[in-house]
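All remarks here apply to the structure that follows.
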Amino acid sequence: MSRSLYPKIATYSEEMLPVGELHQIYLEQSGNPTGIPVLYLHGGPGSGSSENHRRYFDPELYRIILFDQRGCGRSKPSPSIVDNTTAHLIGDIEVIRQHLDIEQWLVCGGSWGTTLALTYGVAHSDKVLAFILRGIFLATRSEYQWLYTQTGAKNFFPEYYQEFVEHLPAELQYSPLSGYHQVLNSNNEVAVISASKAWALWELRLSTLEHHHIGMAHIDDAHQALCMAKVSSHYFTQHCFINENYILENIDKLTAIPAIILHGRYDMVCQLDNAFSLTKFWDNAQLQILPCAGHSGFERQTIDAFCRASDTMANFLAEQ
């Protein structure tokens with residue numbers, strides 16, 4: 001029988017935590033204050049956390065910690081790309097850990113959240129009890145090309161890709177990633193809003209096998225779309241501020257840490273081959289290929305696998 005998300009729960013703590021001179025990040029806790037500390041890292045970059053991310057975890061067993069990364073969601077200012085790099089976010093995670101007086105925690109994430117989790121683990125492996133990661137993204141050149149050029153996902157979704165590039169002026173359509181970055185950082189407010197919705201729609205259409213006929217009307221949160229587009233394009237045009245193959249080249253810093261890795265076979269945002277490559281070099285990582293899942297964290301098979309993984313980890317960590 002397939003598992004569903006745990007029931008909705010309220011937070012027991014919400015706060016705005018200063019990080020640096022400009023930014024304050026939204027930070028929340030729910031579940032059991034004396035339970036296993038678990039940090040969930042949202043995707044994007046720039047999508048913000050969801051109350052449904054709490055529901056991957058048994059609230060009786062886990063102290064569930066979510067935050068909105070710099071420049072998005074309920075964090076302030078948002079959207080913002082000032083002082084916003086992977087190194088800044090890794091630093092913010094450490095500020096949170098120290099602020100909450102946590103020695104070690106289970107680190108989880110989806111999509112871009114896996115990139116951030118892995119780079120945090122490389123920098124602070126002694127702070128990580130274990131990982132649960134869904135939809136691996138290694139921030140390599142081939143992954144950007146897959147999403148934003150003529151040679152990847154476009155070949156599966158040609159009509160959606162055509163809509164995606166046609167939101168740009170003709171002279172920018174040959175390089176959509178840099179083109180969107182240019183438009184999203186322009187002073188044309190109408191063009192910025194239109195481009196941000198088109199950016200969000202392209203990824204949403206690629207993300208799920210379970211929902212069809214997704215159109216612009218489904219992009220109903222203009223602020224979230226703007227944060228997602230502006231922050232993502234900022235990161236992707238800078239190769240997420242890490243060197244090519246950075247994660248695989250530093251895999252030795254992670255191999256002692258246990259991990260459950262979940263990846264949909266039909267993930268059209270993050271290719272399965274990246275998860276496969278990662279686990280080839282990681283003896284303590286278990287890859288579960290979900291045979292009827294795409295990229296979204298809230299497809300039925302992915303929910304089932306993630307909730308089972310969090311239960312498995314709770315039992316494993318309780319025995320340590």
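No value in this document is a laboratory result; all are computed from the given coordinates. These numbers come from a predicted model, not from an experiment. Here Cβ is always computed from backbone atoms with ideal geometry, including for glycine, and neighbour counts include all displayed protein chains.
Lysine pairs in the chain whose alpha-carbon atoms fall under 19 angstrom of each other, counting only those eight or more residues apart or on distinct chains, come to 5. Between segment 79-131 and segment 219-241, the C-alpha centres lie 19 angstrom from each other.
Since only V183, F164, L204 are under comparison, the one whose Cα sits farthest along the positive direction of the charge dipole of segment 142-240, derived from C-beta charges on Lys, Arg, Asp and Glu, is V183. Be a star and scan segment 267-288 for residues whose amide nitrogen sits under 11 Å from the point 7 Å along the Cα-to-Cβ vector of F156. Taking a point 7 Å out along Cα→Cβ of F156, the residues of segment 267-288 whose backbone N falls under 11 Å are 267-273.
Rounded to the nearest 0.05, the FRET efficiency derived from the C-beta distance between E163 and Y266 at R0 = 35 Å is 0.95. Taking 0.36 nm per residue of separation and subtracting the Cα-Cα distance, full extension of the segment from E94 to D220 would add 42.0 nm. Each part gets one Cα centre, and for segment 148-190 versus segment 260-283 those centres are 27 Å apart. Considering only L89, C72, L118, the residue lying farthest towards the positive end of the dipole of segment 67-133 is C72, judged by Cα position with unit charges set on Cβ. Label-to-label distance, A10 versus R141, with points set 7 angstrom from Cα along the beta-carbon direction: 5.3 nm. In the chain, helical runs assigned H by DSSP with n ≥ 4 each contribute -39500 (n - 2.57); averaged across all residues and rounded to the nearest 500, the mean residue ellipticity at 222 nm is -11500 deg cm²/dmol.
A simple charge model with +1 on the Cβ of Lys and Arg, -1 on the Cβ of Asp and Glu and nothing else charged puts the dipole of the chain at about 320 debye relative to its Cα centre. If only the Cβ of Lys and Arg carry +1 and only the Cβ of Asp and Glu carry -1, the dipole of segment 245-303 around its Cα centre is close to 140 debye. Mean sequence separation of contacting Cα pairs (under 8 Å, at least six apart), scaled by the length of segment 1-153, corresponds to a relative contact order of 21 percent. Using only side-chain charges placed at the Cβ, +1 for Lys and Arg and -1 for Asp and Glu, the dipole size of segment 142-240 relative to its Cα centre rounds to 160 debye. Across the alpha-carbon set of segment 1-136, the Rg to Rh ratio works out to 0.94, Rh being the Kirkwood radius. Across segment 142-240, Cα-Cα pairs more than 15 Å apart make up 59 percent of the total. Per q in 0.08, 0.15 Å⁻¹, report the Debye log10 I(q)/I(0) for the chain, using one uniform scatterer on each alpha carbon and no solvent. For the chain at q = 0.08, 0.15 Å⁻¹, log10 I(q)/I(0) is -0.33, -1.27. Remark: segment 79-122 projects, on average over all directions, an area of 3.6 nm² (convex hull of Cα atoms).
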